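Have a look at the structure below before the remarks.
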Amino acid sequence: MISRELDVVKPNGERIPLQINISAPVYEEDYDAYGCQVSFIGWLESPSSTIKGEDSYQSLLLALQLVHSILMMQHKNGVRYRWRGLEDEYDLAMFLALPLPNV
């Protein structure tokens with residue numbers, strides 16, 4: 001499983017811890033595809049469907065893109081993100097890259 005922990009800052013200033021989990025891709029014989037589960041802990045409802053791809057790589061990339069899209073949609077509604085416990089803004093443009101907070 002991969003995981004990212006952030007703080008969500010709602011438009012009213014309320015700060016909420018968020019943990020995003022994406023399971024390792026698993027081959028699903030019934031669908032002849034690989035699938036990842038995405039879960040949000042602390043904020044938002046988790047997607048109910050398994051994110052499927054032709055292979056494990058595609059499944060993981062699609063799951064990451066889905067999470068990024070959900071976070072961007074909320075950002076357009078005024079939500080901001082911070083690294084957990086820090087004031088450093090979490091740059092969604094770098095979501096699929098490897099930046100780390102300034103500690």
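The residues of the range 41-80 that are aromatic (F, W, Y) and either out of contact with any strand residue (DSSP E or B) (no Cβ under 6 Å at 6 or more places or on another chain) or farther than 23 Å from M94 by Cβ (or both) amount to a single one, Y57. The sole residue among I51, I22, I16 that is β-branched (V, I, T) and surrounded by fewer than 16 Cβ atoms within 10 Å (Cβ to Cβ) is I16.
I'd like the full set of residues that are part of a loop (DSSP other than H, G, I, E, B), of a type outside the set (F, W, Y), out of contact with any helix residue (DSSP H, G or I) (no Cβ under 7 Å at 6 or more places or on another chain) and under 17 Å from V67 (Cα atoms), limited to the range 1-43. Within the range 1-43, M1, S23, A24, Q37, G42 meet the criteria.
For beta carbons closer than 7 Å, sequence separation of 6+ or different chains, a first residue in the range 61-73 that is crowded, with 19+ Cβ neighbours inside 10 Å and a second that is part of a helix (DSSP H, G or I) and not hydroxyl-bearing (S, T, Y), the qualifying pairs are L71/L92. The listed residues are Y31, Y57, and the only one of them that is of a type outside the set (A, V, I, L, M, F, W, C), at pLDDT 95 or above and either within 20 Å of G13 (Cα to Cα) or surrounded by fewer than 17 Cβ atoms within 10 Å (Cβ to Cβ) (or both) turns out to be Y57.
Close contacts from the range 17-39, counting a first residue that is in contact (Cβ under 8 Å) with a residue 12 or more places away in the chain and within 11 Å of I2 (Cα to Cα) and a second that is surrounded by 14 or more Cβ atoms within 10 Å (Cβ to Cβ) and acidic (D, E), with Cβ to Cβ under 9 Å and a gap of 6+ residues or different chains, come to Q19/E5; I20/E5. If you go through the range 58-87 and pick out every residue that is touching a helix residue (DSSP H, G or I) at 6+ places or on another chain (Cβ under 8 Å) and assigned to a helix (DSSP H, G or I), you end up with 4.
The values are calculated or read from the model by the stated rules, or taken from the named source; none is laboratory data. Only a predicted model underlies this, so the values are computations on that prediction, with no experimental measurement involved. A quick note on method: Cβ atoms are made from the backbone with ideal geometry, for glycine too, and the neighbour counts reach across all protein chains shown.
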